[in-house]
1. Using Cα-Cα distances under 8 Å and only pairs 6 or more residues apart, what relative contact order does the chain have, in percent?
2. With each run of n ≥ 4 DSSP H residues scored as -39500 (n - 2.57), what mean residue ellipticity at 222 nm is computed for the chain after dividing by its residue count and rounding to the nearest 500 deg cm²/dmol?
3. For segment 36-52 and segment 174-245, compute the distance between their C-alpha centroids and round to whole Å.
4. Give the calculated FRET efficiency between LEU14 and ASP154 to the nearest 0.05, with a Förster radius of 35 Å applied to their Cβ-Cβ distance.
5. Quick one: net charge around PRO185, please, counting Lys, Arg +1 and Asp, Glu -1 for every other residue with C-beta under 12 Å from its C-beta.
6. Kindly rank 135-146, 66-77 from highest to lowest mean number of other beta carbons found within 10 Å of each residue.
7. If I take R0 = 51 Å and measure r between the Cβ atoms of ASP269 and GLU117 in this structure, what FRET efficiency does the formula 1/(1 + (r/R0)^6) give, to the nearest 0.05?
8. If you take every residue apart from TYR85 with its C-beta less than 13 Å away from the C-beta of TYR85, what net charge results, scoring Lys and Arg +1 and Asp and Glu -1?
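The values are calculated or read from the model by the stated rules, or taken from the named source; none is laboratory data. Predicted model, so just to flag it, every value in this text is computed and none were measured. Cβ placement follows ideal geometry from the backbone for every residue including glycine, while neighbour counts extend to all protein chains displayed. Only protein heavy atoms, including side chains, enter the accessible area calculation; ligands, DNA and RNA are left aside. Shrake-Rupley method; radii C 1.70, N 1.55, O 1.52, S 1.80 Å.
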Amino acid sequence: MTITDPTTATDTPLDRARAALRRDLLADGVLIDLGSPGLYGRTGVFERVSSAVDTAGVRSMADLDTAVVRFPPVEPLAAFERTDYIASFPDLAASISGFTGDDRKHRELLAARERGERWEDFLDPADLMLTPAVCHPLYGLLTGTVPQQGRTFDIFGDSFRREPSLDPMRLQAFHMHEFVHVGTPASAQAHRDGRVPAIRDLLTSFGLEIDVVPANDPFFGRVGRMLARNQVEQALKFEFVTPVYGDAGDPTAIGSANLHEDHFGTSFDIRTEDGEVAHSACVAWGLERVTIALFAAHGTDPASWPADVRRALDL
Ligand code: 5GP
Ligand code: ZN
């Protein structure tokens with residue numbers, strides 16, 4: 001396998017810090033370069049740590065009464081539509097295409113390919129989107145009425161966001177574990193706020209320095225700047241950040257706690273028994289981000305990690 005290192009722009013201290021972490025993770029056999037920025041294969045040591053992270057995470061949520069659901073990495077276009085994601089994050093969205101042509105169109109495709117041209121133009125939209133947040137496929141299942149006390153779900157799965165980067169903390173394809181509550185305004189807020197201490201304690205027990213800060217999502221364009229301001233002003237979302245690159249850059253979000261208010265309840269027509277529009281909230285950790293933050297903080301050999309960290313992870 002060829003290990004390519006497209007890291008050339010190493011001008012700022014942050015660029016250098018990112019390139020150094022990426023180089024170590026590849027050289028020490030934690031990640032496998034797939035030749036496209038933000039897309040990696042994962043090795044045994046990575047999987048061992050990320051499973052340990054997830055197991056400890058799930059244990060920290062054991063007091064919640066959850067229903068477990070799992071979804072494929074793609075969602076129907078109709079469900080994606082209703083989330084309004086394309087309005088807020090068009091630059092991160094990605095769709096699936098497929099070939100639906102006949103022999104003639106296939107020959108044209110092959111001829112274009114032969115000429116070294118792009119052949120994906122011969123594909124047609126398949127009415128499927130790559131899922132950018134693992135809770136998205138849930139809401140369509142809840143259209144109708146949820147119990148007054150709400151319902152809580154444990155969802156683990158693949159996320160895709162089209163943001164190619166050489167920062168190993170920013171992947172295009174990654175895994176998220178979310179604990180999602182759909183209920184009343186009060187129960188949704190209680191879910192978001194109530195889980196913050198457990199997640200902070202969990203991440204701190206891994207020997208990571210954690211701060212909980214208001215989130216500033218990368219909403220797109222001019223309208224997006226307004227949405228971003230609203231998110232901060234209304235304190236809708238918090239992130240668990242850790243200084244992966246020390247003083248060289250801002251700390252990175254490895255988890256989040258997000259109140260959607262009635263966003264999904266309205267879009268998907270979900271109500272509580274009293275007839276009011278349901279509110280929802282998610283708390284989540286990103287598996288790759290937590291795992292890579294651990295390798296960055298403690299080195300690429302888990303056997304040499306501090307004993308209390310290994311104990312917290314049962315490694
Ligand atoms: P959010 O929906 O808050 O943007 O993402 C939830 C969690 O997924 C984040 O807290 C983070 O841990 C993880 N995540 C978000 N974006 C990325 C990314 O680009 N790469 C990786 N590896 N994880 C991400
Ligand atoms: Zn969510």
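1. Relative contact order of the chain: 21 percent.
2. Value at 222 nm, helices only: -11000 deg cm²/dmol.
3. 24 Å
4. Here the calculated transfer efficiency is 0.50.
5. My count for the surroundings of PRO185 gives -3.
6. In decreasing order of mean packing, 135-146, 66-77 become 135-146, 66-77.
7. 0.70
8. -2
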